[in-house]
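Structure first, then comments.
The values are calculated or read from the model by the stated rules, or taken from the named source; none is laboratory data. Nothing here was measured: the structure is a model prediction, and the numbers come from that model. Using ideal geometry, Cβ is built from the backbone for each residue, glycine included, and neighbour counts are taken over all protein chains shown. Protein only, heavy atoms only, side chains kept; ligands, DNA and RNA dropped before computing areas. Shrake-Rupley method; radii C 1.70, N 1.55, O 1.52, S 1.80 Å.
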Amino acid sequence: MNALAAVDATPGLSAYLAELEVRLARAVERREGFAAEVADEALCAGGKRLRPLLCFLAAPSTIEPPLAPGVAVELVHMATLVHDDLVDGARMRRGVPSAWSVFGADAALAAGDYLFACAFAELADTGDSRAVALLADACLALARGEAMQRRQTRNPETTIDDYLTRCALKTGKLFEAACLLGSGGVPSLGRYGLALGIAFQIADDILDCAGQTQETGKIPGSDLPTMPLLYAAQEDEIVRAALAGGPLDGALARVAATEALERSRAAALDYAAKARSHLGAEPRREELETLTYAVVDRAS
């Protein structure tokens, strides 16, 4: 994501992210035990820290950087990755073995639960009950999105609207929460985050379809059905059969022969533009705007 170079130069951001890593490690060490050890392995796998970045960019420049919200949203994100890898049977994440493949399913389940608990503990320490309620709402959306994905799996009749609803629940709502937590509840920034999250997920699914695991951190085809595959299934019976539960080998390669990738990129661009439309006179408007281009450009 080269377009992020300008965002990386935002005054105060490098110090914020450095302190965020310290606080993340401290949060995971809240309680001793095996769940904490497994959670620490997930933390060491790294990540883009995009959700804490949104907290920082959405915050008024006149206040202290929002560290507790940034830590909380990242811990929730980490928890979902640990659980998703377990549910999907994904043995690798960002080039390293996933938690469940190393420590077992029970340990990964406990570690994900532990990370969720640590996230809420971080916000509870601030005494801000509104922030806790906001994050809880995002987590409920995540659970609903995961249930929706289970229903959509092996269902080639899944509509694009249903897919987009799932993207909003599984990805957009946590982006929204990051912006709301950082900004102190500015509704327009929440709408920005929701649209940006959907654009990000569509771009992620385009990359996933192309097998770019370094960028997505996932095994190709682990999050079915995706927009490119749904569009391709309208034109290609082999892709449609793969979505219905048939072999995925060969199906991903056939997507490029259809218009599915172009249609998906257009949708991602539309959501990125929608995100920009919600921006006003925010102190870091330029950086927030740049981010909308960066999340889609990586899938070009």
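Structure notes:
Residue by residue, here is whether (1) open to solvent by 70 Å² or more (accessible area, probe 1.4 Å); (2) over 26 Å from ALA105 (Cβ atoms) holds:
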residue: ALA5; (1), (2): no, yes
residue: ARG31; (1), (2): yes, no
residue: ASP40; (1), (2): no, no
residue: LEU50; (1), (2): no, yes
residue: LEU53; (1), (2): no, yes
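- Conditions (1) more than 20 Å from LEU57 (Cα to Cα); (2) open to solvent by 30 Å² or more (accessible area, probe 1.4 Å); number of the one not met by ALA299: (2)
- Members of region 135-147 found to be open to solvent by less than 30 Å² (accessible area, probe 1.4 Å) and among the aliphatic types (A, V, I, L, M), listed by number: LEU135, ALA138, ALA141, LEU142
- Listed by position, the helices (runs of 4 or more DSSP H) enclosed by region 185-271 that each have at least 1 residues that are open to solvent by 10 Å² or more (accessible area, probe 1.4 Å) and at pLDDT 95 or above are 187-209, 227-233.
- Taking residues in region 244-264 that are under 12 Å from TYR231 (Cα atoms), and partners anywhere that are open to solvent by 50 Å² or more (accessible area, probe 1.4 Å) and assigned to a helix (DSSP H, G or I), the pairs with Cβ atoms closer than 7 Å and at least 6 places apart or on different chains are ARG254/ILE238.
- Taking the criterion of being closer than 30 Å to GLU282 by Cβ and touching a Phe, Trp or Tyr at 6+ places or on another chain (Cβ under 7 Å), the residues of region 28-66 that qualify are ARG51, LEU54, PHE56, PRO65, PRO66.
- Checking each residue in region 7-18 for being assigned to a helix (DSSP H, G or I) and either touching a strand residue (DSSP E or B) at 6+ places or on another chain (Cβ under 7 Å) or open to solvent by 70 Å² or more (accessible area, probe 1.4 Å) (or both) picks out ASP8, SER14.
- Test: residue in region 101-112 that is at pLDDT below 95, open to solvent by 50 Å² or more (accessible area, probe 1.4 Å) and not aliphatic (A, V, I, L, M): yes
- Of all residues in region 55-90 being of a type in the set (Ser, Thr, Tyr) and not in a helix (DSSP H, G or I), the one that is least open to solvent (accessible area, probe 1.4 Å): SER61
- Near pairs, Cβ below 7 angstrom, 6+ apart or cross-chain, from region 38-51 (at positive phi) to any residue that is open to solvent by 20 Å² or more (accessible area, probe 1.4 Å) and at pLDDT below 90: GLY46/ARG94
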